[in-house]
Amino acid sequence: MAQALEAHLPPAIETDGPPAARDAAPAGRPGELRITIYTDLAAAAPIWRAFEGEAEGTVFQTYAWLSLWQRHIGGPRGVRPAIAVVEHAGATLALFALAVEPSRGARELTWLGSALCDYNGPLLARDFCLRIDEVGFRALWEEILRRLQADARLGFDLVHLSKMPERIGAQPNPFLYLPCAANPSGAYLTALGADWDSFYCAKRSSATRRRDRTKRKRMADLGALRFVTPAEESGTLAALDTLMAQKARSFARMGVPNLFAQPGHAAFYRALATDPATRPIVHVSRLDVGERPAAVNLGLLHRGRYYHLLASYDDGDVSRFGPGAAHLHELMRYAIARGCRVFDFTIGDERYKREWCDTEMTLYDHIAAATARGTLMAGLRRAGRWLKRWIKQTPVLWASATRIRRILGLLRARHDAQGRAG
């Protein structure tokens, strides 16, 4: 590994020791590469915040997002952050927001906040891939793994890095130099136009636009339509509570676990929508029909991109007229007015995303065993990922799986209701 580092990285590599509370070590000599591992997010905050302002990455790698996740979800679950910062000549080259978390009697090295991040990956200096090639990155990654395993608090059995995009900004994602396979789900996005009307006409046929107008008129018969972005915190939280209630009913119909019932999740989203550090990037809105919130959305705005993160709609009589679709139109209009260049539907293979998108993005997973215990887990994870992707990519199988899941969900709900009644 030393030869690889010398051939493909700056002349020397310096690594910090593993003290209990890690602060950045003094600047190294010119020409040195330094790796610093932070287990305390507060200690990493200054360099992280400064770097994310100039680095390439997504909103899910920002300090504000991940520190809230760790506070409300990761910390109570025993997740240990392992933030690897790579520097050269006093400048930050990369930040890998990693974590070690317990999983079924073993420990996994993952991206921090991985489950709730639609995209996982590094923050990279804009010239990272010009300065460090594939062999150099592999050597760098091996050195980081060695450093983590040397710390008793950060040892792991399995590496599981999921939902990684092919590119980080304008450059290739170096983590795809590792053995990777496609994630079961893809991601979808569309380039926005200069104004809503021309964009809408370019994306939807005249017949579809006529159908949209008809549905909108029928919906308006039930009450005046209003697109609302609450200005006050109380209004934001009320809209978010409505979204979570509507999504809970939707999850029950689909037969999937309620995301917001998991420990810390509801608190995380409430904090995300109201915390001063994240409020500038969060957009909570609703489409009202009369006094009824017919559809609600939580989106994120970051560097000219609108992330369509969570959306819900009322499942009553108004649902016949597509309040979710009408709300989506308003969200795109809003994003264009805010100067966004891209509307990112993020991960998930829902049909409406395919109808709007002009770019489909494959996401990748890297799974590797680190111990004998991790070998079995790695095999099971790879098999599960392959099976899930095969089912999702086979329309007949996916339709059948969805139907079975829905039936089982209804049976569970009925059983739970009977248990409460008894």
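The values are calculated or read from the model by the stated rules, or taken from the named source; none is laboratory data. Since we're looking at a predicted model, the values are computed, not measured. Glycine gets a Cβ as well: all are built from the backbone with ideal geometry, and neighbour counts include every protein chain shown.
Restricting the range 106-148 to residues that are β-branched (V, I, T) and assigned to a helix (DSSP H, G or I), the residue that is farthest from R34 (Cα to Cα) is V135. Checking each residue of the range 83-105 against the condition of being within 24 Å of I347 (Cα to Cα) and part of a loop (DSSP other than H, G, I, E, B) gives no match. The residues on offer are L310, L301, L363, L328, and the sole one that is under 14 Å from T190 (Cα atoms), outside the structural domain of M164 (by TED's automatic domain parsing) and either under 15 Å from the mean Cα position of the chain (by Cα) or at pLDDT 95 or above (or both) is L328. Within the option set I47, I35, being outside any strand (DSSP E or B), surrounded by fewer than 22 Cβ atoms within 10 Å (Cβ to Cβ) and not charged (D, E, K, R) holds for one residue only, I47. Considering the range 331-354, the residues that are part of a helix (DSSP H, G or I) and of a type in the set (F, W, Y) include one that is nearest to the chain's Cα centre (by Cα), namely Y352. Which residues, counting only those in the range 149-173, are in a strand (DSSP E or B) and either touching a strand residue (DSSP E or B) at 6+ places or on another chain (Cβ under 7 Å) or outside the structural domain of R131 (by TED's automatic domain parsing) (or both)? Of everything in the range 149-173, those that are in a strand (DSSP E or B) and either touching a strand residue (DSSP E or B) at 6+ places or on another chain (Cβ under 7 Å) or outside the structural domain of R131 (by TED's automatic domain parsing) (or both) turn out to be L158, V159, H160, L161, S162, K163, M164, P165, I168, Q171.
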